[in-house]
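Participant: Here it is, the structure, as structure tokens.
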Amino acid sequence: MARQLRLEFAGALYHVTSRGNRREDIYESDFDRGQFLIVLGEVCK
């Protein structure tokens, strides 16, 4: 069973996590990780 949708509201703070299945790596290289952080930063603006 899927979890219920998270409540969202303006001005709220959210904790974002990124983890692979069974805690496997989700980035193939430091470059990939850097690109993810750039995109995340732009989305947060």
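What follows draws every value from the coordinates through simple rules; no lab data is involved. Please read these numbers as outputs of a predicted model, since none were measured by experiment. With ideal geometry, Cβ positions are generated from the backbone for all residues, glycine too; neighbour counts draw on all protein chains shown.
Participant: So what's Rg/Rh here for the chain, counting alpha carbon atoms and using the Kirkwood radius for Rh?
Facilitator: On the way: Rg = 13.9 Å, Rh = 13.2 Å.
Here the Rg-to-Rh quotient is 1.05.
Participant: A further question on this structure: Using only Cα atoms, tell me the angle between helix 30-44 and the longest principal axis of the chain; keep it within 0 to 90° and round to the nearest 10.
Facilitator: Around 30 degrees separate the two axes.
Participant: Here's something else I'd like to know. How large is the charge dipole for the chain, taken about the Cα centre, if only the Cβ atoms of Lys, Arg (+1) and Asp, Glu (-1) carry charge, to the nearest 20 debye? The partial results should precede the final answer.
Facilitator: Values: 7 positive and 7 negative charges, 64 e Å.
With Lys and Arg at +1 and Asp and Glu at -1, about 300 debye.
Participant: Per-residue counts of other Cβ atoms within 10 Å, averaged by peptide: what ranking do you get for 28-36, 13-21, highest first?
Facilitator: Numbers: 28-36: 10.7, 13-21: 6.7.
Going from most to least packed, we get 28-36, 13-21.
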